[in-house]
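The values are calculated or read from the model by the stated rules, or taken from the named source; none is laboratory data. Worth saying up front: this structure is predicted, and the values here are computed from it rather than measured. We place every Cβ from the backbone using ideal geometry, glycine too, and count neighbours over all the protein chains shown. Heavy atoms of the whole protein, side chains included, go into the accessibility calculation; ligands, DNA and RNA do not. Shrake-Rupley method; radii C 1.70, N 1.55, O 1.52, S 1.80 Å.
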Amino acid sequence: MTVKEYNNSVEQYSDNIYRFVLKNIKDTEKAKDIVQDTFEKVWKNHADISYAKVKSYLFSTAYHTLIDSIRREKYKAEWDKADENKYYSNESYSDLNEVLHQALDRLPPDQKNVILLRDYEGYSYQEISEITGLTESQVKVYIFRGRQFLKNYIGKIEVLV
Amino acid sequence: MDYLDGNLTDSDQTMLLQFLEDNPTLKEELDGLDNMVLNPTEDTFTIKDQLLKTQADEIGLGYPDYIAIKEVEEGLSEEENLWKASYLKEDKQHSNLFTSYTQTLLKANKNIRYQLKGNLKRATLIPIITINKLKRISIAAAVAMLLSVGTLPFLKESAHQMKTVVVNDPPSLITMPKAQTEKAPNKDIQVKDKINTKAAVKQETVVQTIVSTEQRTIVASNDMPIEALGIESFETTKVNAYELGLNEMMPIIIASNMAEREQEYLAMQSQVEQESARLSKSSRAIVGSVKVINFLSGNETKMNKVLNQDGQMVAYQLESENISIRQRIKNKPVTN
């Protein structure tokens, strides 16, 4: 990948990476740091990365940087709350997409990431598998379970509203 | 029993049949046993479907949920579409399940943008010079700079530096008092040692010239080419800044102190002279008057004078039988 191609990848994918990271950690400064680290790592290896695969490489790097960051901060998903229908919110919801993103925050990191990669970027199971290092069947299981959780969450919110 | 179970070998079976031919009663018994085989019934397990597993079970979902999610994610096969159709026919509310799953697709907020793209972009300064080359050049430059700085103390001093040392000789050497002028040659020798020239004789002449002339003359002569002074070549020596400063400053300070002492000495000399004159005058008057008294009274009077190195009176002592007078110059020690 040439310098020009690298700069193109910055222009094309930095927003996507930033949104992906930001939806995970909800901290703009940390998200910016992770994006910067991600592109820094890609730059160090830019001579060995083909431009055709740079998007996948970027997401993979961002994902692992993100996971490391989350592990460092001992992030804990509130999966149990959702599963037992313990969640309750008296916030007013502007639209369905916002509600969905709130539900997304309650998913474990792995499920959350694969759904984000699937819905935001339209990656296939195989591509998500390559990015995350999970097996293809694991990716599928996470997505299906995540979708069920989101559906249940929407249903409960509708009941509450 | 082994025969009925089919466990006999061919040879054993031939021998058994031969034996049965010889014993017809036993053969009839064996024929009765052949008819005692159980045949299976036609019953079938009718709820096999309940045991069948699908990928929904693998994921841990109910089959309707699995089909609804699969429709959103991957699309349904023909068989699954048939199942969905039959499922929807069962209850119209089932369609809500499929609608709910279509709503779970997330949409990215495109308004969220990364604002620091400029920081991430890289630039190529000159296509020929790559970043690696630039790094190598900068490292080489840094090493060269360090080496040059590190070897500075080992480089030979230039003739110009040597000239500067001579120019800075203190002017006090010229104005030293007479008593101290004897030390000037020593200073000359020190300067001469520092210079350490090959042409020792010629150098000595130059140094003497510097000492005996004014500062302006020295500067002028130093501005002249070195060859004009008769110096063929200098061997530079390493200069200790502290030592050099000390050598330059100390003569100035010493000269200054000596000048002050000289003035004090002169002032003291004049004072001693005045005092001595006054003392001589007073002593003569006293001696005269004492002699008169002695003449009248018949006593004998002695007078002792104390003189200094220059022969000046600094004290006197007058003694007779009835009187003793001691007088000296104030605040000055008197030695006999």
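Summary table
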item	result
Accessible surface, region B:274-328, averaged per residue in Å² (probe 1.4 Å)	71 Å²
Average partner coverage of A:142-153, which counts Cβ from other chains inside 10 Å	6
Residues with amide H under 5 Å from that of residue B:314, placed H, sequence gap 5 or more	B:306, B:307, B:308
Region A:3-72: C-alpha gyration tensor shape, a/c 1.5 cut-off, then a/b vs b/c	prolate
Protein-only accessible surface order, largest first, of B:305, A:140 at 1.4 Å	B:305, A:140
Averaged over B:93-106, number of beta-carbon atoms from partner chains that fall within 10 Å	4
Average partner coverage of A:101-107, which counts Cβ from other chains inside 10 Å	1
Cubic angstrom per residue, convex hull over Cα atoms of region B:52-110	100 Å³
